[in-house]
Ligand code: ADP
């Protein structure tokens with residue numbers, strides 16, 4: 001595990017499985033129809049059971065789904081978290097179709113929704129870097145800088161990045177070092 005402390009909060013980078021997290025909210029890398037799928041989305045619905053999809057069905061009935069860059073919240077069903085925040089990352093298309101801005105919006109909006117529910121802890125996966133093919137080095141920089149900019153203005157005292165592979169864990173760790181070194185307060 002790797003961590004960086006702010007005045008009243010901490011950012012942690014962890015190698016693990018997000019479905020096992022005991023936090024107020026876990027974030028799902030969903031698709032815009034909120035229909036479940038492969039990767040982390042499938043893992044969360046499998047482990048959390050049908051209650052999560054039942055709430056996604058209701059959201060879909062009212063709003064049609066969730067646009068890219070935005071987020072919605074549901075129960076976490078059988079998981080140990082209280083909530084699942086479903087956010088829809090951009091599909092990587094070379095980087096000139098607002099993919100970086102949309103990915104930053106995913107992190108910003110997830111943090112905002114967690115703050116609205118007064119969450120104190122939240123766990124994120126590496127949004128968009130699986131099936132959606134966003135380059136992980138770029139995604140890690142956007143994820144960590146967006147969270148670092150927002151964490152202290154929110155109710156969150158702990159933000160956790162749960163990386164599913166050693167390679168992603170190393171990349172997020174290295175990126176956190178670069179960001180905090182460049183701020184001169186490592
Ligand atoms: P996207 O469609 O947004 O790219 P994916 O689910 O395909 O989402 O991949 C996002 C990341 O989530 C990938 O790095 C993948 O390895 C990771 N992942 C898959 N399962 C889990 C899990 N159980 N916990 C944490 N991360 C996971």
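For this structure, a couple of remarks:
- Any hit, region 116-123, residues being more than 13 Å from the chain's Cα centre (by Cα) and either part of a helix (DSSP H, G or I) or buried (at least 18 other Cβ atoms within 10 Å of the Cβ) (or both): yes
- Single condition residue 149 does not satisfy, out of (1) within 14 Å of residue 2 (Cα to Cα); (2) at pLDDT 95 or above: (1)
- Some residue of region 167-177 being in contact (Cβ under 8 Å) with a residue 24 or more places away in the chain, part of a loop (DSSP other than H, G, I, E, B), under 24 Å from residue 37 (Cα atoms) and out of contact with any strand residue (DSSP E or B) (no Cβ under 7 Å at 6 or more places or on another chain): no
- All positions within region 53-75 that are within 14 Å of the ligand (Cβ to nearest atom), touching a strand residue (DSSP E or B) at 6+ places or on another chain (Cβ under 6 Å) and either part of a loop (DSSP other than H, G, I, E, B) or over 25 Å from residue 104 (Cβ atoms) (or both): 66, 68
- Among the criteria (1) touching a helix residue (DSSP H, G or I) at 6+ places or on another chain (Cβ under 9 Å); (2) more than 9 Å from the ligand (Cβ to nearest atom); (3) farther than 17 Å from residue 28 by Cβ, the one residue 143 does not fulfil is (3).
The values are calculated or read from the model by the stated rules, or taken from the named source; none is laboratory data. Here the structure is a predicted model, which means the values were calculated and not measured. Here the Cβ is made from the backbone with ideal geometry for all residues, glycine too, and neighbour counts use every protein chain on show.
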